[in-house]
Amino acid sequence: MATIKIQQIKSKIGYPVDQKRTLEALGLHKISQVVEKEDTPAIRGMIRKVHHLVTVID
């Protein structure tokens, strides 16, 4: 299955708890950290929820 790289570009400080937990579920803990995940609808939904804090690297 295809994979996507996700990078955290903004701090989670000041955002709701559910968005912080979504970042943690994606495996992101620091700014500029990059994780590689399988490209599934569930992961895409998580990215959509925190789209203002992350970017998808091609």
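The values are calculated or read from the model by the stated rules, or taken from the named source; none is laboratory data. Here the structure is a predicted model, which is why all the values come from computation and not from measurement. Reconstructed Cβ throughout: ideal geometry from the backbone, glycine too, with neighbour counts over all protein chains shown. Remember, those area values only see protein heavy atoms, side chains included, never the ligands or the DNA or RNA. Shrake-Rupley method; radii C 1.70, N 1.55, O 1.52, S 1.80 Å.
Worth pointing out:
- Within region 7-58, considering residues that are in a loop (DSSP other than H, G, I, E, B) and among the basic types (K, R), the one least open to solvent (accessible area, probe 1.4 Å): K12
- Cβ separations smaller than 9 Å between residues 6+ apart or across chains give the following pairs from region 39-58 residues that are in contact (Cβ under 8 Å) with a residue 24 or more places away in the chain to residues that are among the aromatic types (F, W, Y): V50/Y15; H52/Y15; L53/Y15.
- Within region 1-24, the residues that satisfy the criterion of being farther than 13 Å from L53 by Cβ and either in contact with a helix residue (DSSP H, G or I) (Cβ under 8 Å, 6 or more places away or on another chain) or among the hydroxyl-bearing types (S, T, Y) (or both) are T3, I4.
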